[in-house]
Amino acid sequence: MNKFFKFLYPTLILAAICLIVSLALSSTNAVTEKKIEKINAKKTEKAMSRVLEAKSYTEKTLKKDGSEITYYEAADDGEVKGYIFITGANGYGGEVRVMTAVLSDNSVKAVEILDVSNETPGLGQNAKNEKFYTQFSGLSGEITVVKSGANSENGEINAITGATITSRAVTASVNEALSLYDEIKANGGGQ
């Protein structure tokens, strides 16, 4: 019996430690969850004000292909200024997340790169450089990526040197936002 107890005792101690740590982690999560949600909501609102300044941002949903897509309606004193979409596409190292503001004439007001952290440093992560993402402003319709010599009148943007895949992912995200705006407009939304 003594050998059995020597074997069981460390197992019970380890199980007790695991239980205590699990309870501590879940308690910490319960305490901080609402604070984290508030911080994330504040970050999202700041980003929205950078792409399309408005007095209010109303969260809305659009049903498309059996799923609900969240977007935001930007308004001043009840007058809709445009719509903000958070979309993503696969880049070189993972998902690229983009916030796009679309005006009522179906043109891009502004773009903010939310996440390119999985892209190659010094290449794909350069999507966060203003020189790249400001190319989208004013464009509408299907936007395409070219390696150099882009003509904005043809809906083209220049790819980031050495990061064509990331450039295409950002462009796909912006094109998705424009497509979602078309859906909203077709369903009686938009202006």
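Values in this text are rule-based calculations from the coordinates and carry no lab data. Quick caveat, the model's predicted, so the values are computed rather than measured. Don't worry about glycine lacking a Cβ; one is built from the backbone with ideal geometry, like all the others, and counts go over all protein chains shown.
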### Message
When only alpha-carbon atoms are used, what values of Rg and Dmax, in angstrom, describe region 1-51?
### Response
21.7, 71
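Quick one: if the Förster radius is 35 Å, what FRET efficiency do Asp76 and Glu37 give, using the C-beta to C-beta distance and rounding to 0.05? Intermediate values should be presented prior to the final figure.
Working: r = 26 Å, r/R0 = 0.75.
Given R0 = 35 Å and the Cβ-Cβ separation, E is 0.85.
Can you order the peptides 57-69, 131-143 by their average number of other Cβ atoms within 10 Å per residue, highest first? Working shown, then result.
Details: 57-69: 11.2, 131-143: 16.7.
In decreasing order of mean packing, 57-69, 131-143 become 131-143, 57-69.
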### Message
Could you give the length gained by full extension between Ser104 and Lys128, i.e. 0.36 nm per residue of separation minus their alpha carbon distance, to one decimal place?
### Response
6.1 nm
### Task
Among Thr100, Tyr57, Thr164, pick out the residue whose Cα is farthest towards the positive end of the charge dipole of region 54-186, where Lys and Arg carry +1 and Asp and Glu carry -1 on C-beta, about the Cα centre.
Thr164
### Query
Taking springs between alpha-carbon atoms closer than 10 angstrom, which of Val146, Val31, Val51 fluctuates most in the Gaussian network model of the chain?
Val31
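For the chain, what is the mean residue ellipticity at 222 nm derived from helices alone (per DSSP H run of n ≥ 4: -39500 (n - 2.57); sum divided by total residues; nearest 500 deg cm²/dmol)?
One gets -14500 deg cm²/dmol as the mean residue ellipticity at 222 nm.
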### Query
To the nearest 10 degrees, how steep is helix 164-186 against the longest Cα principal axis of the chain, on a 0 to 90 scale?
70
### Query
Residue by residue through region 111-126, which ³J(HN,Hα) values in whole Hz follow from phi under the Karplus form 6.51 cos²θ - 1.76 cosθ + 1.60 (θ = phi - 60°), with glycine and proline marked x?
10, 10, 7, 8, 8, 10, 5, 8, 7, 5, x, x, 10, x, 5, 5
### Message
Using a Förster radius of 35 Å, what is the FRET efficiency between Asn118 and Asn2 based on their Cβ-Cβ separation? Nearest 0.05, please.
### Response
0.05
### Query
Pairs Lys34/Lys55; Lys81/Lys109; Lys64/Lys128: which exceed 19 Å Cα-Cα?
Lys34/Lys55; Lys64/Lys128
### Message
Rounding to the nearest 10 and keeping the result within 0 to 90°, find how far the Cα-based axis of helix 2-51 lies from the longest principal axis of the chain.
### Response
20
### 12 Å beta-carbon shell around Ile69, net charge (K/R +1, D/E -1)
-2
## Note on the structure
Row for region 17-167, column shape: gyration tensor on C-alpha, a ≥ b ≥ c, rounded if a/c < 1.5 i.e. under 1.5, prolate if a/b over b/c, else oblate; value oblate
